[in-house]
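Before any comments, here is the structure.
The values are calculated or read from the model by the stated rules, or taken from the named source; none is laboratory data. Computed from a prediction, not measured in an experiment: that's the story for all the values here. Every residue, glycine as well, gets a Cβ built from its backbone with ideal geometry; the counts of neighbours run over all protein chains shown.
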Amino acid sequence: MFEAGATVQVLKKGTLFAQRADRLHRLYREYNGIDDLPEIELDRLLANVFPNGLDRAWAEVEAYLRHHEPAELGRAESDGRHRMALLFRSYLGMSSRRAAAGDETRSSDYQIWCGPAMGAFNLWTRSTALEEPGNRHVAEVAGRLLRGAAFYARLAQLRFAGVRIPAECADYRLPPVHQPADAHR
């Protein structure tokens with residue numbers, strides 16, 4: 001997918017993954033291999049994407065390919081552009097793993113997939129205790145989602161039984177953030 005220029009929706013706040021992935025794809029399109037990259041681009045790669053060096057990064061890719069896809073290794077030896085693609089793909093793949101593992105040393109490289117559902121969830125939690133991401137614990141969110149599913153299942157049962165439900169009663173909402181009793185004084 002990298003070679004074709006496919007993109008995924010990712011979280012942009014707090015990470016540089018999207019910009020770095022775009023740069024890698026641009027380099028892939030414009031150059032035939034790592035050896036063809038200008039010095040300034042190599043320096044950027046070493047500073048931002050492969051801080052442990054290209055040789056070490058390639059050694060890791062090579063070890064992976066030798067174990068999982070040996071045919072790719074042969075092609076990479078004869079095709080510098082393919083070798084560059086494999087190296088760049090390793091960064092893209094590791095960025096998801098780093099995010100899942102919580103590797104704080106490379107947090108700017110986190111690839112966190114998100115899309116319209118993330119925005120819808122944020123809208124649903126606005127002005128509630130779950131608005132702040134720090135308050136979103138798995139058990140709490142799961143419980144709220146299950147209550148919502150139960151609400152809509154019961155609503156469907158009532159409608160099936162012929163009960164007319166006013167529109168203002170047919171929307172499951174999270175409870176608002178509660179203010180202390182003396183907050184209005």
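Can you find a residue that is exposed (fewer than 15 other Cβ atoms within 10 Å of the Cβ), at pLDDT below 80 and of a type in the set (Gly, Ala, Ser) anywhere in segment 122-134? Checking segment 122-134: not a single residue is exposed (fewer than 15 other Cβ atoms within 10 Å of the Cβ), at pLDDT below 80 and of a type in the set (Gly, Ala, Ser). Residue 85 meets each of the listed conditions (1) touching a helix residue (DSSP H, G or I) at 6+ places or on another chain (Cβ under 8 Å); (2) more than 27 Å from residue 113 (Cα to Cα) apart from (2).
What about residue 141, is it in contact with a Phe, Trp or Tyr (Cβ under 9 Å, 6 or more places away or on another chain) and without any contact (Cβ under 8 Å) to a residue 24 or more places away in the chain? Yes; evaluated as a whole, the condition is true for this residue. The residue list 157, 111 contains one member that is surrounded by 11 or more Cβ atoms within 10 Å (Cβ to Cβ) and among the polar types (S, T, N, Q), which is 111.
Considering 71, 117, 99, the condition of being buried (at least 17 other Cβ atoms within 10 Å of the Cβ) and either touching a Cys at 6+ places or on another chain (Cβ under 9 Å) or at pLDDT below 90 (or both) is satisfied by 99 alone.
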